[in-house]
Structure formats: structure tokens, C-alpha cells
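What follows is a single structure, written as C-alpha cells, with notes after it.
The values are calculated or read from the model by the stated rules, or taken from the named source; none is laboratory data. Note that this is a predicted model, so its numbers are computed, not measured. Here the Cβ positions follow ideal geometry from the backbone for every residue, glycine too, while neighbour counts run over all protein chains shown. Accessible surface areas use protein heavy atoms only, side chains included; no ligands, DNA or RNA. Shrake-Rupley method; radii C 1.70, N 1.55, O 1.52, S 1.80 Å.
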Amino acid sequence: MEFKKQMDRRSFVLGMGAGMTGVMAAPSVFAADPYPNKAVRVVVPFPPGANVDVVARIFTDKLTKEMGHPFVVENRPGAGGALGWDTVMQRPADGYSLFYSVRSIMGITPHVYPKSKLDPVKDFTAISQICTLPHVLIATPKAPFSNMKELVEYARANPGKLDYASLGVGSHPHLAVEYWAQQLGIKINHIPYTGNPAIDVMSGTVSIFLEGSGTAVPRVQSGGVKALAITGGSRIDSLPNVGTVNEYKAGLDEDGIIGSTWHGFFARKGTPDSFVAELNKQMTKIAQDRDTVKRLTEFAAVGTGTSAESLNAVIAKDYEFFGNIVRNLKIAT
């Protein structure tokens, strides 16, 4: 009888040991899969070939190499970026559908499309701002003006006869040029495009366009268009003879915020923090990579690679700043 009790106790201890082994092994069985473990789609709310698209692909190509799975650009232009925004919001907050956005979409579009109830703070989690860059005010080679001063003189002498293109109602090029026109007391006509209008500027179909430096600089250097002015606080090395908007009139492009932009990655609110942290780690590294810096310099862009918290602060500031301008200019859809 005593022998049986001893055997029962021994069986119980062994059973407990086996059970504990199973419990200890459980984390390795049920551990979350590493991120990413499949392709990540990056929604870019601009057409292929646009300045934003060009810079976005520098980073998605490098993310693909660094993270071992494809980061695929998905172009969704339209409605001032609202179409791309809505595309991401219709998908799960699982880190496999990211939003590549810019200053205008996060700071301007929500005010221009109020019925859409877009809210950059409530809808998205910032991952990282990856670069800043100026815009270039370009003109057709046929234009009877070659700098900002001559442009303003021509517009004042020919009110309502000059057209300017944009990437759509509420886009950064639209708001910036409209703001400058108001400040300078000139009347020019807005021609919104759904794609990049630079080709029409080159041909003379439309006279001027505020284009991101990524695509504008090569266009100017090839002689396809004229560069009238640069946004931001200083001239750029790639176009040293082109003055800034502020050189024409101080304060017209306050701190570069009116005409310059930034690019950044975002995920839907609710995306796992660990995924966001891993993406931020990689993006910060890529933004400061020697090859990236070299390629961005060709576009007059500066790699940043900020923290998510820093980008969230920028969004809050831009949202308030541009909201006031949109209401003042009465830009709406």
C-alpha cells in the first residue's frame, strides 16, 4: 500500500514537470510572427512620377532590402490626398498598409474637405518624418518673365491672363500660389490637375507651377522649364542662381512653411507599437544612410529621420497654421 502511494506521488511530480515544460514551451509555439512577414503596401497619394512618388520609392526600395519583404508603392492620387487617406483607412491597422504623406495632406486637406472628417491625429500614428525639401516655382520656357520680380510685374500688367497649374484643389501648390497672389495683389487663374502638370508647363499649355524640387530641379537643369524662385530660407546648391521667394519680398514664405514641405510615413491608429517602433528604427537609419543623403541632395532634399513624437508635433502645428490660411482664402470643395 505504501509502495503504491509512493508511486502515485512520483507520477504526480513527473506529470507536473511535463506540464510545466509544456507551459514554458508555449511562448515559442505561440510567439507573434516577426514583422513584416509579407509584402507591405505603401499608399502614395500622388501619381507615378510626381516629386513625392520619386522620393517615396527611394525609401521603399531600401526598406525592402533592410526588412526582407517587399514594400510596394500603391499610387492613389486625387481629392487633395483624401483618396489615398481613405484607401488606408479602409484597411486593417495591422502594419501592412502604410501611408506616405506630406505637409499639405496632413495640414491642408482636412480643412479643404471638411465633409470627409479627416483628422490626422485621430486617424494615424506617425512613424517618422524622413526628409524636408523645397518647391521650385517653374515656368514655361516661352514665358515673358524669368524670375519672381518679372512674374509679378507681368501679372499686374495683365490681370487674369496668366494661368498656374496645381496638383488639385487644396494641394500645396494651389494654396501656396493662391496665398502669394493675394499677398502680392495679383490675379492669376488656377488650373487644377489630377496628375503632374509639368509636361503642360514645358509645352506652354499652362504658364507656371509650384513643383517639388525632386522633379523640378532635373527639369530646370535640362532646360525644359525656367526656375523663377525657390521656397525656404536659403538658395539651394543645385540651382545657385535662383533666388528665394523671400528674397523678392521678406515674409512671403514665412520659415518656408508656406512653400516648402516634408515627407513622412504613417500607419493607421491602432497599429501595434512594436511594428511602428521597428519601422521607425529602419527609416531613421535609411534617412541618414550615405547613399540616401547623396540621392536626396540631388533633389535639394535633406534627410531627417525623426522620432514619431517629433512628427506628431509638426502635424499639430501645420494643422493649425494652414487651417487659418484655408479659411482666409476660402478654399473648399
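Observations on the model:
Residue-by-condition table, conditions (1) part of a helix (DSSP H, G or I); (2) without any contact (Cβ under 8 Å) to a residue 40 or more places away in the chain; (3) in contact with a Gly (Cβ under 9 Å, 6 or more places away or on another chain):
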site	(1), (2), (3)
S128	no, no, yes
R156	yes, yes, yes
G170	no, no, yes
Q182	yes, no, no
G214	yes, no, no
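- When the range 217-233 is limited to residues that are β-branched (V, I, T) and at pLDDT 95 or above, the one that is most open to solvent (accessible area, probe 1.4 Å) turns out to be V220.
- Taking the criterion of being within 19 Å of L296 (Cα to Cα), assigned to a loop (DSSP other than H, G, I, E, B) and not polar (S, T, N, Q), the residues of the range 216-241 that qualify are G232, G233, R235, I236, D237, L239, P240.
- Only one entry in L83, L98, L184 is open to solvent by 10 Å² or more (accessible area, probe 1.4 Å) and under 30 Å from K269 (Cα atoms), namely L83.
- Qualifying positions in the range 43-57 - buried (at least 21 other Cβ atoms within 10 Å of the Cβ) and either assigned to a helix (DSSP H, G or I) or of a type in the set (V, I, T) (or both): V43, V44, N51, V52, D53, V55, A56
- Considering the conditions (1) touching a helix residue (DSSP H, G or I) at 6+ places or on another chain (Cβ under 9 Å); (2) within 26 Å of V169 (Cβ to Cβ); (3) buried (at least 22 other Cβ atoms within 10 Å of the Cβ), F71 is excluded by exactly one of them, (2).
- Selection within the range 187-212: residues that are polar (S, T, N, Q) and in a loop (DSSP other than H, G, I, E, B). The member of this set that is most open to solvent (accessible area, probe 1.4 Å) is T194.
- Qualifying residue in the range 137-148 (condition: assigned to a helix (DSSP H, G or I) and either at pLDDT 95 or above or open to solvent by 50 Å² or more (accessible area, probe 1.4 Å) (or both)): yes
- Just one of the listed residues (D163, D237) is surrounded by fewer than 23 Cβ atoms within 10 Å (Cβ to Cβ) and within 22 Å of L329 (Cα to Cα), and it is D163.
- Residue count for the range 248-304 satisfying the condition of being at pLDDT 90 or above, in a helix (DSSP H, G or I) and open to solvent by less than 10 Å² (accessible area, probe 1.4 Å): 6.
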